[in-house]
1. Ile100: net charge of surrounding residues, Cβ under 14 Å, Lys/Arg +1, Asp/Glu -1, itself excluded?
2. Under 8 Å for C-alpha pairs, at least 6 residues apart: give me the relative contact order for the chain, rounded to a whole percent.
3. Quick check: net charge around Leu84, other residues with Cβ under 14 Å of its Cβ, Lys/Arg +1 and Asp/Glu -1?
4. Report the net charge of residues surrounding Asp39, where surrounding means a beta-carbon distance below 10 angstrom and charges are Lys +1, Arg +1, Asp -1, Glu -1.
5. Let me check against my output: what whole-number percent is the relative contact order of the stretch 96-182, with C-alpha pairs under 8 Å and at least 6 apart?
6. How high is the relative contact order of the stretch 17-97, given as a whole-number percent (alpha carbon pairs under 8 Å, six or more residues apart)?
7. Please say if the chain is rounded, prolate or oblate, where rounded means a/c under 1.5 for a ≥ b ≥ c the square roots of the C-alpha gyration tensor eigenvalues, and otherwise the choice is prolate for a/b larger than b/c and oblate otherwise?
8. Taking only Cα atoms, what is the 0 to 90° angle, nearest 10, from helix 3-20's long axis to the longest principal axis of the chain?
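What follows draws every value from the coordinates through simple rules; no lab data is involved. No experiment lies behind these values; they were computed from the predicted model shown. Note that we place each Cβ from the backbone using ideal geometry, even for glycine, and neighbour counts take in every protein chain shown.
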Amino acid sequence: MENKKCIQVFGASLMFLLLSNFVMAESYLGFGAGEASSDLKPLFGTQELEDSPMLKVFLGFRTDDHALEVDISVGTFDWVNSSLNSHTIVNVSGNVVGFIPMGETFELFGKIGVNLSSTTVEFLGETYEGESGIGLSYGGGLLLNFTEKFALRAEYQGVTGIDDGVDSGSLDWLSLQAVFTF
C-alpha cells in the first residue's frame, strides 16, 4: 500500500475509534504551530535537516481526566546549506491523554500513543516518496482554560518512526495551540 493511502486508512481508523466514544465524551478540536527539529540524517548520514515550522490539527474526546486524541501534523525540513533539497514529513498520531488539574484554570497533561509518518523527499529537483514509518508518539504540556469553550495549550511532542527510505529518525517540537470545546 502506498504511503498516503496507508496514512489515510490509519487516520480514518483512528477517527472511527474516537467517534465511537463521542456519545460519552466532551469533544474538542484544535490547531497549533511550533518549531520542530529532527535527528534524521539524509543521504546515508552525510547531511542534516534544518529546524522547521510544524503545523498541527487535532480532534479529541475527553471524559473527566483522560481523553483519546488524534492529530495530524506537517512540516517541510530543508537540508542544511541546500535550497534544493528538503524532506516533507506528515504524521498521524493517536494518543491517550491524561490531565492533572492544577486549579480552576490550569491543567498539566501527558500523552502517549502510536504515530504513522510519511516522508516525501525532494532531491536535486526530483521528488521521491519515502517509507511509511510506525513509531511512538509522546508528549506533555500545560493547558490554560480561558472559558468553558476555549483554551490555549503549550505542548512538547516527540514522535519516532520517521523514515525516508534510506535513513530513519525522530521529531521533537514545541508548539502553542488553540483548543475549542463543543
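1. Details: positive: Arg62, Lys111, Arg153; negative: Asp64, Asp65, Glu104, Glu107.
Counting the neighbours of Ile100, the net charge comes to -1.
2. Details: 512 pairs, mean separation 39.8, N = 182.
Worked out over the chain, it gives 22 percent.
3. Numbers: positive: none; negative: Glu50, Asp78, Glu122, Glu126.
That works out to -4.
4. Details: positive: Lys41; negative: Glu48, Asp167, Asp172.
Computed value for this residue: -2.
5. Details: 210 pairs, mean separation 21.9, N = 87.
With pairs under 8 Å counted, the relative contact order is 25 percent.
6. Numbers: 166 pairs, mean separation 21.5, N = 81.
It rounds to 27 percent for the stretch 17-97.
7. Values: a/c = 2.58, a/b = 1.77, b/c = 1.45.
Judged from the Cα gyration tensor, the chain comes out prolate (a/c at least 1.5, a/b above b/c).
8. Tilt relative to the chain: about 10 degrees.
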